[in-house]
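Report on the following structure.
The values are calculated or read from the model by the stated rules, or taken from the named source; none is laboratory data. What you see is a predicted model; the values in this text were computed from it and never measured. In this analysis, Cβ positions are derived from the backbone assuming ideal geometry, glycine residues included, and neighbour counts consider all displayed protein chains. We work out accessible area using only protein heavy atoms, side chains counted, and drop any ligands, DNA or RNA first. Shrake-Rupley method; radii C 1.70, N 1.55, O 1.52, S 1.80 Å.
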Amino acid sequence: MIAAPSGGGKSSLLQALMQRRPGLEFSVSYTTRGPRPHEQDGREYHFIDREEFERLIAAGEFIEHAEVFGNLYGTRRRVVEAALAAGRDLILDIDWQGARQVRERLPEAVQVFILPPSRAELERRLRGRGTDSEAAIARRLAESTVEMSHWRDFDYVIVNQDFDQALQELEAVFDGRGEASRSDRAGLAGLAGSLLRT
Ligand code: 5GP
């Protein structure tokens, strides 16, 4: 399971990981947010309305769900159960609130957090999308800070300074060789502190 603040570079890292590891399955989440250009229903997300989402919550169909940026997001229980039953590795791209629920329900899941290398770089990446207004960027930055404050709850933390290096570290974690990326390693708290200082 992977979490990261928006701008941490999680999506690109995950895409690269999946290309290199064709056996990995991506859990397609359900969301009430509208599709962005180039997003396809059933590929990036299953796009549903709030009413349908709330019906699925009431029916116990989500193994975790959370509200992020004013929209609901959730992981369908049956997707996780099917992968577990078949012994397939499943990637969940979820936020810290969802990660906390998964930690309780599936303690064996490996939890990885991706951090940006600096606050300046985080801001640059958030701006780099080029589609959002200043207000939206400021909000994402604030939300990213909240997200980053939960880094200690994860088993592994990868600092995405150099893409190829970060990808190698992610692959090492998947192969059970992630010792160097453990979240309790020396030096990481200093970087996290500087990322959280606003
Ligand atoms: P975006 O709308 O930019 O695709 O995603 C916004 C945030 O929602 C990201 O941090 C992403 O990881 C998170 N997210 C996506 N799917 C899920 C999900 O199923 N559950 C939870 N808890 N968060 C999700």
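Couple of notes before you dig in:
- Neighbours by Cβ (under 6 Å, 6+ apart or cross-chain): first from the range 157-170, on the phi < 0 side of the Ramachandran plot; second of a type in the set (D, E, K, R) and open to solvent by 10 Å² or more (accessible area, probe 1.4 Å): 158/169
- Restricting the range 45-56 to residues that are farther than 23 Å from residue 147 by Cα and in a strand (DSSP E or B), the residue that is most open to solvent (accessible area, probe 1.4 Å): 46
- The range 106-134 - residue that is of a type in the set (Gly, Ala, Ser) and surrounded by 12 or more Cβ atoms within 10 Å (Cβ to Cβ) and, of those, farthest from the ligand (Cβ to nearest atom): 118
- The selection criterion, being part of a loop (DSSP other than H, G, I, E, B) and either more than 9 Å from the ligand (Cβ to nearest atom) or surrounded by fewer than 16 Cβ atoms within 10 Å (Cβ to Cβ) (or both), does not hold for residue 103.
- Qualifying residue in the range 24-44 (condition: small (Gly, Ala, Ser), assigned to a helix (DSSP H, G or I), more than 12 Å from the ligand (Cβ to nearest atom) and surrounded by fewer than 18 Cβ atoms within 10 Å (Cβ to Cβ)): no
- Reported count of residues in the range 171-185, each being within 15 Å of residue 154 (Cα to Cα) and of a type in the set (A, V, I, L, M), is 2.
- Within the range 4-60, being among the hydrophobic types (A, V, I, L, M, F, W, C) and touching a residue at least 60 places away in the same chain (Cβ under 8 Å) holds for 4, 13, 14, 16, 17, 18, 24, 26.
- Conditions (1) out of contact with any helix residue (DSSP H, G or I) (no Cβ under 9 Å at 6 or more places or on another chain); (2) open to solvent by 40 Å² or more (accessible area, probe 1.4 Å); (3) within 16 Å of the ligand (Cβ to nearest atom); number of the one not met by residue 149: (1)
- Criterion violated by residue 83 - all others in (1) within 12 Å of the ligand (Cβ to nearest atom); (2) more than 18 Å from residue 140 (Cβ to Cβ); (3) open to solvent by less than 40 Å² (accessible area, probe 1.4 Å); (4) touching an Asp or Glu at 6+ places or on another chain (Cβ under 7 Å) satisfied: (1)
- Of all the residues in the range 129-182, those that are closer than 16 Å to residue 3 by Cα and among the basic types (Lys, Arg) number 3.
- So residue 76, is it at pLDDT 95 or above and open to solvent by 90 Å² or more (accessible area, probe 1.4 Å): no
- Yes/no for residue 11 being open to solvent by 20 Å² or more (accessible area, probe 1.4 Å), within 30 Å of residue 119 (Cβ to Cβ), within 11 Å of the ligand (Cβ to nearest atom) and among the small types (Gly, Ala, Ser): yes
- The range 57-78: number of residues that are assigned to a helix (DSSP H, G or I) and under 26 Å from residue 6 (Cα atoms): 2
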